Amino acid sequence: MFNDIGPMELVTLVVLAVLIFGPDKLPKLIQDVSGFIRKIRSFSETAKADIRAELGPEFKDFEFEDLNPKTFVRKQLMDNDDLGLKEIRNSFDLRKDMEEVADAVHGRESAPAGSAGSTTAANGSAAGVSGTPDLLKKRDKLDPGERPPYDADAT
(Lines give C-alpha, C1' and ligand atoms only; values in the text may rest on other atoms or scores of the structure.)
Protein backbone atom coordinates (compact mmCIF):
# COMPACT_ATOMS: atom_id res chain seq x y z
CA MET A 1 0.00 0.00 0.00
CA PHE A 2 2.75 2.44 0.93
CA ASN A 3 5.53 1.04 -1.25
CA ASP A 4 6.45 4.40 -2.75
CA ILE A 5 6.89 6.35 0.51
CA GLY A 6 10.53 7.05 1.31
CA PRO A 7 12.08 7.52 4.75
CA MET A 8 12.03 11.33 4.54
CA GLU A 9 8.36 11.35 3.56
CA LEU A 10 7.55 9.04 6.47
CA VAL A 11 9.40 11.31 8.91
CA THR A 12 7.52 14.30 7.46
CA LEU A 13 4.17 12.54 7.98
CA VAL A 14 5.05 11.68 11.59
CA VAL A 15 6.11 15.26 12.33
CA LEU A 16 2.91 16.60 10.75
CA ALA A 17 0.81 14.15 12.80
CA VAL A 18 2.51 15.26 16.02
CA LEU A 19 2.02 18.93 15.12
CA ILE A 20 -1.64 18.54 14.10
CA PHE A 21 -2.91 16.16 16.79
CA GLY A 22 -0.40 16.83 19.55
CA PRO A 23 1.75 14.33 21.45
CA ASP A 24 -0.97 13.63 24.04
CA LYS A 25 -3.75 12.70 21.55
CA LEU A 26 -1.56 10.84 19.03
CA PRO A 27 -1.42 7.43 20.83
CA LYS A 28 -5.22 7.37 21.19
CA LEU A 29 -5.61 8.30 17.51
CA ILE A 30 -3.24 5.49 16.46
CA GLN A 31 -5.24 2.98 18.55
CA ASP A 32 -8.51 4.15 17.01
CA VAL A 33 -7.18 3.93 13.44
CA SER A 34 -5.66 0.48 13.98
CA GLY A 35 -8.93 -0.76 15.55
CA PHE A 36 -10.88 0.60 12.58
CA ILE A 37 -8.54 -1.18 10.14
CA ARG A 38 -8.94 -4.45 12.12
CA LYS A 39 -12.75 -4.13 11.96
CA ILE A 40 -12.66 -3.55 8.20
CA ARG A 41 -10.39 -6.59 7.70
CA SER A 42 -12.62 -8.84 9.80
CA PHE A 43 -15.71 -7.57 7.95
CA SER A 44 -14.03 -8.33 4.64
CA GLU A 45 -13.00 -11.83 5.74
CA THR A 46 -16.53 -12.66 6.95
CA ALA A 47 -17.97 -11.33 3.68
CA LYS A 48 -15.59 -13.58 1.72
CA ALA A 49 -16.54 -16.57 3.86
CA ASP A 50 -20.25 -15.84 3.33
CA ILE A 51 -19.79 -15.58 -0.44
CA ARG A 52 -17.86 -18.87 -0.54
CA ALA A 53 -20.58 -20.56 1.53
CA GLU A 54 -23.31 -19.24 -0.78
CA LEU A 55 -21.49 -20.31 -3.95
CA GLY A 56 -21.49 -23.92 -2.89
CA PRO A 57 -18.98 -26.77 -2.87
CA GLU A 58 -18.11 -26.52 -6.58
CA PHE A 59 -16.49 -23.12 -5.93
CA LYS A 60 -14.57 -24.03 -2.76
CA ASP A 61 -11.21 -23.39 -4.48
CA PHE A 62 -12.37 -19.95 -5.68
CA GLU A 63 -9.94 -17.14 -4.83
CA PHE A 64 -10.98 -13.50 -4.83
CA GLU A 65 -7.53 -12.51 -6.03
CA ASP A 66 -8.42 -14.21 -9.34
CA LEU A 67 -10.92 -11.41 -9.98
CA ASN A 68 -8.01 -9.02 -10.55
CA PRO A 69 -7.69 -8.85 -14.37
CA LYS A 70 -3.90 -9.10 -14.28
CA THR A 71 -4.00 -12.22 -12.09
CA PHE A 72 -6.82 -13.71 -14.16
CA VAL A 73 -4.92 -13.33 -17.45
CA ARG A 74 -1.70 -14.67 -15.91
CA LYS A 75 -3.49 -17.71 -14.51
CA GLN A 76 -5.42 -18.45 -17.71
CA LEU A 77 -2.62 -17.91 -20.21
CA MET A 78 0.58 -18.69 -18.38
CA ASP A 79 -0.45 -21.62 -16.18
CA ASN A 80 -2.81 -23.21 -18.68
CA ASP A 81 -0.87 -24.75 -21.57
CA ASP A 82 -3.82 -25.59 -23.82
CA LEU A 83 -2.58 -23.11 -26.42
CA GLY A 84 1.02 -24.37 -26.37
CA LEU A 85 2.39 -21.04 -25.13
CA LYS A 86 5.12 -22.67 -23.03
CA GLU A 87 6.45 -24.46 -26.09
CA ILE A 88 6.45 -21.22 -28.08
CA ARG A 89 8.09 -19.30 -25.23
CA ASN A 90 10.78 -21.95 -24.83
CA SER A 91 11.48 -22.08 -28.58
CA PHE A 92 12.86 -18.54 -28.56
CA ASP A 93 16.56 -18.53 -27.79
CA LEU A 94 17.67 -14.91 -27.90
CA ARG A 95 21.35 -15.68 -27.33
CA LYS A 96 21.45 -18.13 -30.27
CA ASP A 97 19.63 -15.64 -32.50
CA MET A 98 22.04 -12.86 -31.54
CA GLU A 99 25.03 -15.10 -32.27
CA GLU A 100 23.59 -15.92 -35.70
CA VAL A 101 23.12 -12.22 -36.46
CA ALA A 102 26.67 -11.45 -35.31
CA ASP A 103 28.02 -14.27 -37.47
CA ALA A 104 26.09 -12.96 -40.47
CA VAL A 105 27.35 -9.41 -39.90
CA HIS A 106 30.96 -10.53 -39.53
CA GLY A 107 30.73 -12.88 -42.50
CA ARG A 108 31.45 -16.02 -40.51
CA GLU A 109 29.81 -19.38 -40.97
CA SER A 110 27.36 -20.21 -38.18
CA ALA A 111 27.20 -23.73 -36.78
CA PRO A 112 23.47 -24.58 -36.94
CA ALA A 113 22.03 -25.59 -40.29
CA GLY A 114 19.45 -23.29 -41.81
CA SER A 115 21.06 -20.05 -40.68
CA ALA A 116 22.09 -17.20 -42.98
CA GLY A 117 25.75 -18.23 -43.08
CA SER A 118 25.05 -21.83 -44.05
CA THR A 119 22.65 -20.81 -46.82
CA THR A 120 25.38 -18.79 -48.52
CA ALA A 121 27.71 -21.77 -48.22
CA ALA A 122 25.01 -23.99 -49.70
CA ASN A 123 24.71 -21.65 -52.69
CA GLY A 124 28.37 -22.23 -53.47
CA SER A 125 29.82 -18.95 -52.27
CA ALA A 126 31.58 -18.92 -48.95
CA ALA A 127 31.93 -15.68 -47.01
CA GLY A 128 35.03 -13.74 -47.98
CA VAL A 129 35.59 -15.71 -51.21
CA SER A 130 32.98 -14.14 -53.50
CA GLY A 131 34.30 -10.60 -53.19
CA THR A 132 32.60 -9.70 -49.94
CA PRO A 133 34.96 -7.88 -47.59
CA ASP A 134 36.28 -9.67 -44.56
CA LEU A 135 35.30 -7.35 -41.72
CA LEU A 136 37.54 -9.08 -39.21
CA LYS A 137 40.74 -8.76 -41.23
CA LYS A 138 42.80 -5.58 -40.64
CA ARG A 139 44.93 -4.28 -43.48
CA ASP A 140 48.25 -2.59 -42.72
CA LYS A 141 48.25 -0.04 -45.55
CA LEU A 142 45.93 1.12 -48.30
CA ASP A 143 46.35 0.59 -52.04
CA PRO A 144 47.43 3.71 -54.01
CA GLY A 145 44.42 5.97 -54.65
CA GLU A 146 42.15 4.04 -52.28
CA ARG A 147 40.10 5.96 -49.75
CA PRO A 148 40.38 4.93 -46.11
CA PRO A 149 37.44 2.84 -44.89
CA TYR A 150 34.66 4.51 -42.96
CA ASP A 151 34.75 3.62 -39.29
CA ALA A 152 31.34 4.13 -37.68
CA ASP A 153 32.75 3.60 -34.19
CA ALA A 154 35.31 6.39 -34.60
CA THR A 155 32.70 9.07 -35.32
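The values are calculated or read from the model by the stated rules, or taken from the named source; none is laboratory data. Model, not experiment: these values are computed from the prediction. All accessible areas refer to the heavy atoms of the entire protein, side chains included, with ligands and DNA or RNA removed. Shrake-Rupley method; radii C 1.70, N 1.55, O 1.52, S 1.80 Å.
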Quiz item: So how do ILE5, ILE88, ILE20 rank on accessible area, 1.4 Å probe, biggest first, that is with the largest at the start?
Solution: ILE20, ILE88, ILE5
Practice problem: Provide the per-residue ³J(HN,Hα) series for the stretch 4-18, in order, calculated from phi with Karplus coefficients 6.51, -1.76, 1.60 and θ = phi - 60°, each as a whole number of Hz, with x at glycine and proline positions. | Solution: 9, 8, x, x, 5, 5, 5, 4, 4, 5, 5, 5, 4, 5, 5
